[in-house]
Number of protein chains: 2
Amino acid sequence: MADFTPLFDYIEKKSSVTLSDDERGLIMNKLKPKKLRKRQFFLQEGDVCKYMGFIIKGATRMFSVDERGHEHILHFGMEDWWVGDYESFHLLTPSKYYVEALEDTEMLLITSEQLNDMVRSIRAIAEMLESLGRGAAIANNKRMHAAISLTAEERYEDLAKTYPYFFNRFPQNMIASYLGISPETLSRIRKMALKA
Amino acid sequence: MADFTPLFDYIEKKSSVTLSDDERGLIMNKLKPKKLRKRQFFLQEGDVCKYMGFIIKGATRMFSVDERGHEHILHFGMEDWWVGDYESFHLLTPSKYYVEALEDTEMLLITSEQLNDMVRSIRAIAEMLESLGRGAAIANNKRMHAAISLTAEERYEDLAKTYPYFFNRFPQNMIASYLGISPETLSRIRKMALKA
DNA sequence: CCGGAACCTTGATATTTGTCAAGAAAAGGT
DNA sequence: ACCTTTTCTTGACAAATATCAAGGTTCCGG
């Protein structure tokens, strides 16, 4: 039996609405548990992202691979985050991304139709989505602003402040990829930062 | 008397819901027309962004200024776009950005409370916001992906495909700022592109 | 606990992009 | 149409970052 507690807590926190027992039951019927082993893929390039996943435990990365074979990490995922290619999920277009488990991961999956059902029937879900959308818009703006206005070093420092726990959890070469710089450059930046 | 037609059309298109005459009247009461002359500021750094503006006619840019005095354009705005600092608008925090008219501009302004009222009373508005949020999330992901994975030249080509009309409307140095590169680099990239 | 894989660092060098400065071209106001 | 301001281009040079290669760690599975 999967543990839905983190999801219930998350919905109530994001929506500031309490879930009834009926609603909890409904949610448990709609979301389907899924386990991924480390290195297993949740989504592969070219596939349609049929599910969004809520992470109960574990971590993921979403990345693309360019013509030269280089990987570019667009998002990490961890406990209490939703993962998946939002564009593909909503438009049903083939994804340009991979989503891969970085640790053994437990998720709860939902399809687009099921999500729409729940938005209609459960007020807390609708409000959670609004809140999620707002937060994402604000976070995206910040990250985009950093990308166009900061140097690699400043982006590193910004990330270290915003998501310090990334550094305990993800290998440095992936953090470099997330920042849009090479692993070597990140290594050198960190050496500088120690002295300063 | 301000012309609300573009806004009505926009709401109906985004929501796929038809507005009643009552709803149109309500909208006309809530949104307040505002004209900006070229170079006039809609928002200045340090101020709270009390209004979001829907552009009827004209164009704007939203930008920050760093310690070295360099400007970084995060967003352009033009007809049928909403402009303002979303973070400041929702959290009522001082903005880090300026929003400036690049042409004589006519907008319709709305406050956070008025928007909330309308979301509750007019279904089309709620759906428009959902659609807007979805579209913004998708566009943000694309732009962020471009920022971490493409070279300056590739980002230029991508922009030329996605928003070709930017080049007719905005000076090249601003487009460079939007791309996160120097005006000189953009000039050189364009020269290369002609030959290739 | 051993061996391989993944990860990190460092150096040398190449490439990309930024900076500064000057002049040319274009745009805008009166 | 003229003058001023803004914008664009070009060149020389500097700085930032990527690439390639090698060696040293650390981590993990058997």
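Some observations on this one:
- With contacts taken as Cα pairs under 8 Å at a separation of at least 6 residues, chain A carries a relative contact order of 23 percent.
- Taking only alpha carbon atoms, segment B:150-196 gives an Rg to Rh ratio of 0.92, where Rh is the Kirkwood radius.
- Calculated P(r) of segment B:1-63 - Cα pairs past 15 Å, %: 60
- The protein assembly as shown - charge dipole about Cα centre, Lys and Arg +1 at Cβ, Asp and Glu -1, debye rounded to 20: 860
- Helix A:123-149 axis versus longest C-alpha principal axis of chain A: approximately 10°, rounded to the nearest ten.
- Histogram of C-alpha separations across the protein assembly as shown, 10 Å bin width, %: 4, 20, 29, 27, 16, 3, 0
- In sequence order, segment A:111-122 has phi-based couplings of 8, 4, 5, 4, 5, 4, 4, 5, 4, 6, 8, 10 Hz under the Karplus curve 6.51 cos²θ - 1.76 cosθ + 1.60, θ = phi - 60°, and Gly or Pro positions carry x.
- Listed residues A:LEU92, B:ILE11, B:ASN29: farthest to the positive end of the dipole of the protein assembly as shown (Cβ charges): A:LEU92
- Shielding of peptide B:119-131 by partners, expressed as the average count of other chain Cβ atoms within 10 Å per residue Cβ, is 1.
- Charge dipole (Cα centre; +1 on Lys/Arg Cβ, -1 on Asp/Glu Cβ; no other charges) of segment A:45-118 amounts to roughly 80 debye.
- Value of [θ]222 nm, deg cm²/dmol, for chain B, DSSP H segments ≥ 4, -39500 (n - 2.57) each, nearest 500: -15500 deg cm²/dmol
- DSSP-assigned coil residues among GluC sites (Glu not before Pro) in segment A:55-86, each with at most 12 further Cβ atoms within 10 Å: A:GLU67
- For chain A, the Cα-based Rg and Dmax, in that order, read 18.0, 57 Å.
- Degrees separating the helix B:152-162 axis from the principal Cα axis of chain B, which is the longest one: 40
- Sorted by Cβ neighbour density within 10 Å, fewest at the top, the residues A:TYR97, B:TYR163: B:TYR163, A:TYR97
- Using alpha-carbon coordinates, inclination of helix A:183-195 to the longest axis of chain A, degrees: 70
- Shielding of B:36-43 by partner chains, average beta-carbon count, 10 Å: 0
- For A:146-158, mean number of other protein chain Cβ atoms within 10 Å: 3
- Candidate cross-link partners of B:LYS161 among the lysines, defined by an alpha-carbon separation under 25 Å and a same-chain spacing of 8 or more, comprise A:LYS96, A:LYS142, B:LYS13, B:LYS14, B:LYS57, B:LYS142, B:LYS191, B:LYS195.
Where a number appears in this text, it was derived from the coordinates with a stated rule and is not lab data. Predicted, not measured: the structure shown is a model, and the values here were computed from it. Counting neighbours? That spans all protein chains shown, and the Cβs are built from the backbone with ideal geometry, glycine included.
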